[in-house]
Amino acid sequence: MSAGALAVEHVGKRFVTPQGTVTAVEDVSFSVKKGEFVSIIGPSGCGKSTLFAIIGGLLDQYEGRVLVDGHTVDGAHHDIGMVFQEESTFPWRTTIENIAFPLEVAGMPKKERLEKAVHFLELVGLTDFAHRYPSELSGGMRQRTAMARTLAFEPKILLMDEPFAALDEQTRLLLGDQVLRIWRELNQTTLLITHNITEAVQLSDRVLVMTYRPGRLKREVPIDLPRPRSSEVVGSVAFGQLVGQIWKDLREEASRGMKATEGGRND
Amino acid sequence: MKAWLHRPALWVLPFLVLGLAAQEAGVRLGFIPQVMIAAPTAILGKMPMLVAEEELLERIGLTFGLTFAAAALAILAGVPVGWALHRFRLLNRAYESWFVGLGAAPLILLYPLFLVMFGRNLFTITLMGFMVAVIPVVLKTREGMDGVRPVLIAVGKSFKLSGLRLFWKVQFPAAVPVIFTGIRLGLIVSLINIVALEFLVNIGGLGRLINDLAERFETAAMYGAIGFVVAISVTFFVLTERIELWLRPK
Ligand SMILES: Nc1ncnc2c1ncn2[C@@H]1O[C@H](COP(=O)(O)OP(=O)(O)OP(=O)(O)O)[C@@H](O)[C@H]1O
Ligand SMILES: [Mg+2]
C-alpha cells in the first residue's frame, strides 16, 4: 500500500461542559485512498472541525482510532497537515517567514528553508507579498499564506477546514481552482470541509454528508464526473442531480440543527 | 515641515516650550516664589555644579542600575510564575487575588521593616524595587498567555511542536505585547519606589541627591535632578519598545 492512505474507525468524541455533555462526533468510520479528494459537508456545529482535530492528533481522549497507512496515529503526525477554519497566520511573521515556519521547526538551515518557502509562495501566488506582515494582507491572502505554510510541511494527507469560508464568491472560485491545481501537482490525499455543495461536487472524488449532532456519517456520495470539471461538466444534468441529492440530505439535517438551536440547546 | 507630520511624538514640543516659557516668565516676573519653583534657565545653569560637585553622572548611573537590576530580577522570576499561573489553573485560583491585592497595596510603606531586616543598603532598595515590579510582570504574563488564540497553538501542535519549543515559537511571541505591558509597568513602579526609597533613607542615587538638594534649598538644582529621573524613565520606555520590536516585529 503506498503512503498517504487514511482510515478512521469508529471515532467518537464527547465534550463534558458545565452545561452538560455534548456528543460532537459519534461512531464515524471511513477511509480515504492515497491521492483521493474527499469533501465533508454537514450542518454547522455537527462536529466536522472536531473530527479533523481528532485525525490531526490535536485532541486526546476520543473513541476509536485513526490510521495512516495502516498504523495507528497517536498525536500530531508528520504525514498530516492541517489548514484551520479560523485565521491562523502568525501576526509577528512575514508571509515568507510564516510559510517557512514548519521547516524552521524541523531544523532546516535558514537559507535552505527560505529557498524552499519561495516555491510554496509562488504556488499560492503571493510572491509580491513575501515580506509583508499578515496585518498588511487581505483575508484571502492570509488564508493562502496559511495554506502554503501547511503545504511547506509536505504532508501526504492534507486536511482543510473551510479554508474559503470567510471569502467572497469570486475569490472562493479562484482559490478552489488553485487548490485543484496544487492537488494535481502534489498528489496529496485531501480532505476538505465545506458548506458549499457545488464546491464539494466540483472538487471531490467523494462527498461525505454528516448528520446534525451527534455528528455521524449520513451518506457517502461518489462523484463519478470526468475531470477536469469544465464548465460543461458543471452545467451537466449529472452534476445538478448530485448537488440536488446532497442538498436533500443536508436540508433535513440543517433544519434539525435549526430546531435544536431555537429550542435553546447550547451550541 | 514634513518631518513634523511623520513624527507625532514631536507634536508635544510646542506645548513643552510654551510650558517652560510660562515657567520662566512666572518666576522672573515674581508670580512664582523662587524657593518653590525654579526658572528653567536657572535649572540649566546648575548643571555644571551638579556634575562637578554632586557626582550627578554616578547618581544617575546608580539609580538606573538599581532599577535595571530590580526589573531584570522581576522578569526572570515573574515570567515563569505568570506562566505557571496560566498553565495550572488551580495555582491561579489560589494566588491570583493575592497578587492583585499586593499590586494595589502601597508596599513602600513597609520600608522600615525591610530596613530592620536587611539593613540600610542598596540591596534592600533593590529588593523593594523588585517586589513592586514582579507583580505586574506576573499578572500580565498570565493574562498574555491566557489570551493566545487557541488556533495558533493548534497550528504549532500540528507541526509537531510541544512543551518548551511550543512556548518559544508560538505562545511567547503571541503573548509578547501583553507581557511587555507588564514589564513596562514593572519598570515604572520599580523606578518610582527606588527613587522614593533613596529619598526616604538617604542612600543611593538620584533620590538621595534630590533629598540633599532639597534640604539645602537648592531648588533649581533639585528640579534638575528630578528631570533626570524622568529621563531614566523615558530611556527605559524606549529600550523596552526596541526589545519588544526585536522579539516580535509588528
Ligand atoms: N472544546 C470544546 N468544548 C466543548 N464543546 C465543544 C468543544 N469543541 C467543540 N464543541 C462542541 O462540539 C460541537 C461540534 O463542534 P465543531 O466545531 O466540531 O462543529 P463544526 O461542524 O466544525 O461546525 P462549523 O461548521 O460551524 O464550523 C459543537 O456543538 C460545539 O459546541
Ligand atoms: Mg468547524
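The values are calculated or read from the model by the stated rules, or taken from the named source; none is laboratory data. Since the structure is predicted, the reported quantities are computational estimates derived from the model, not experimental observations. All Cβ positions, even for glycine, are placed from backbone atoms using ideal geometry, and neighbour counts span all protein chains on display.
A few remarks follow.
- From the list A:S31, A:S44, the lone residue that is of a type in the set (S, T, N, Q), within 16 Å of ligand 2 (Cβ to nearest atom) and either within 29 Å of A:D249 (Cα to Cα) or within 11 Å of another protein chain (Cβ to nearest Cβ) (or both) is A:S44.
- Count - residues of segment B:166-191 that are under 30 Å from B:Q34 (Cβ atoms) and either more than 23 Å from the chain's Cα centre (by Cα) or without any contact (Cβ under 8 Å) to a residue 40 or more places away in the chain (or both): 0
- Only one of B:L164, B:L102 that is more than 14 Å from every other protein chain (Cβ to nearest Cβ), part of a helix (DSSP H, G or I) and among the aliphatic types (A, V, I, L, M): B:L102
- A:E26 modelled with pLDDT under 95, within 16 Å of ligand 1 (Cβ to nearest atom) and within 30 Å of A:Q202 (Cβ to Cβ): yes
- Single condition A:N196 does not satisfy, out of (1) surrounded by fewer than 22 Cβ atoms within 10 Å (Cβ to Cβ); (2) within 14 Å of another protein chain (Cβ to nearest Cβ); (3) within 16 Å of ligand 1 (Cβ to nearest atom): (2)
- Just one of the listed residues (B:V170, B:V234) is within 14 Å of another protein chain (Cβ to nearest Cβ), out of contact with any Pro (no Cβ under 9 Å at 6 or more places or on another chain), on the phi < 0 side of the Ramachandran plot and not polar (S, T, N, Q), namely B:V170.
- Condition broken by A:S88, with the remaining ones in (1) touching a residue at least 40 places away in the same chain (Cβ under 8 Å); (2) farther than 16 Å from B:V170 by Cβ; (3) within 16 Å of ligand 1 (Cβ to nearest atom) satisfied: (2)
- First in segment B:1-26 and surrounded by 10 or more Cβ atoms within 10 Å (Cβ to Cβ), second anywhere and polar (S, T, N, Q) and at pLDDT 90 or above, Cβ under 8 Å, 6 or more apart: B:E24/B:T41
- Summed over segment A:82-96, the residues that are more than 7 Å from every other protein chain (Cβ to nearest Cβ) and more than 15 Å from A:L137 (Cβ to Cβ) give a count of 2.
- Filtered residue count, segment B:193-250, keeping only those that are of a type in the set (G, A, S) and farther than 21 Å from B:A42 by Cα: 4
- Lone qualifier among A:A76, A:A146 - being of a type in the set (A, V, I, L, M), closer than 22 Å to B:A154 by Cα, in a loop (DSSP other than H, G, I, E, B) and within 10 Å of another protein chain (Cβ to nearest Cβ): A:A76
- Residue pairs whose Cβ atoms lie under 6 Å apart, sitting 6 or more positions apart in sequence or on different chains, and linking a residue in segment A:255-267 that is part of a helix (DSSP H, G or I) to a partner that is within 16 Å of ligand 2 (Cβ to nearest atom) and at pLDDT 75 or above, are A:R256/A:Y212; A:G257/A:P43; A:G257/A:Y212.
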